[in-house]
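A short worksheet on the structure shown next.
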Amino acid sequence: MPTDIPHQPGARLVVPQVEAEDLVDLNLDETLEGDLQAVADEVASGYRTQTVPEMGFSDMPQPSGEPEARVDLESALVEAEHQMEDLLRREADLMDHQRRLAADFNNFRNRAQRDIALAVEQAERKILLEMLPVLDNFERGLGATYQDVEIFRAGIELIRKQFLEALRRLNVEQLPLQVGDPFDALNAEALTTFSDPSLPDGAVAAIYEQGFNLKGQLLRAARVVVNRVQEPERP
């Protein structure tokens, strides 16, 4: 008789051990008596099949991850499209800002050029307006009659003072240089040398052109003659 064998979950079908007398001889050499169906039923009755154990949800085969991967890929694609749209929008904003800056700089440059040209024009007008009265006095001096040279010289001196005053209003001042002052290479240019025993060696012997400062800076150096005292020859 077949023996009951306990089964475990996941166990395979086990063929039970049967006694020798329970075995059915299926030798085809011998003539089978009876119905073949009855023989098959007899053989099958000697075996016991085991039931398939119940399986939980965790033991059941899970579907493949391809649908989830496809969902993740679609989400990543949508996110990438949103990021690209955001980058394109930022690029458009930056390009618009750059064009505005370029236009503002171009307007500033044109305005600065106009302001510089206007400032130069106003400076020229100011200089000319300061010089024209001096020219008017020269015209009057040329049309006047003088009894002697001293009167003519006095008129020229007045025009000179007027011209110096006009230069002062333009922040131009004459260098305080006189004959006998020590030669200063920073504010004067030596044209030649001259020997005058009455002047010290290295002093200014004559002034050909006066020097001028503009707002404290050297505008033009004076052009002078420098005195050189010759030492007496030794016997």
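Quick note: the coordinates plus some simple rules give every number you see, no bench work behind them. If you're wondering where the values come from, they're calculated on a predicted model, not measured in any experiment. Quick reminder, even Gly has a Cβ in these numbers, built from the backbone with ideal geometry, and neighbours come from all protein chains shown.
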Can you tell me the dipole magnitude for region 175-235 around its Cα centre, using point charges on the Cβ only (Lys, Arg +1; Asp, Glu -1), in Debye to the nearest 20? 240 debye
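Run the numbers for Glu150 and Phe138: contour at 0.36 nm per residue of separation, minus the present Cα-Cα distance, in nm.
Details: separation 12, 0.36 × 12 = 4.32 nm, distance 1.65 nm.
Answer, rounded to one decimal: 2.7 nm.
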Given Cα pairs under 8 Å that are at least 6 residues apart, what percent is the relative contact order of region 175-235? 40 percent
Please arrange Met131, Met95 by counting, for each residue, the other beta carbons lying within 10 Å of its beta carbon, fewest first. Met95, Met131
Within region 175-235, what percent of beta bridges assigned by DSSP are antiparallel, to the nearest 5? 55 percent
Whole-Å distance, taken between Cα centres, linking region 100-118 and region 73-89: 41 Å
Under the Karplus relation 6.51 cos²θ - 1.76 cosθ + 1.60, θ = phi - 60°, what is the ordered set of whole-Hz ³J(HN,Hα) values for region 73-88, x standing for Gly and Pro? 5, 5, 5, 5, 5, 5, 5, 5, 5, 5, 5, 5, 4, 5, 5, 5
Full-extension gain between Asp115 and Leu101, please, as 0.36 nm times their residue separation minus the C-alpha to C-alpha distance. 3.0 nm
Convex hull over the alpha-carbon atoms of region 175-235: what's its volume per residue in Å³? 68 Å³
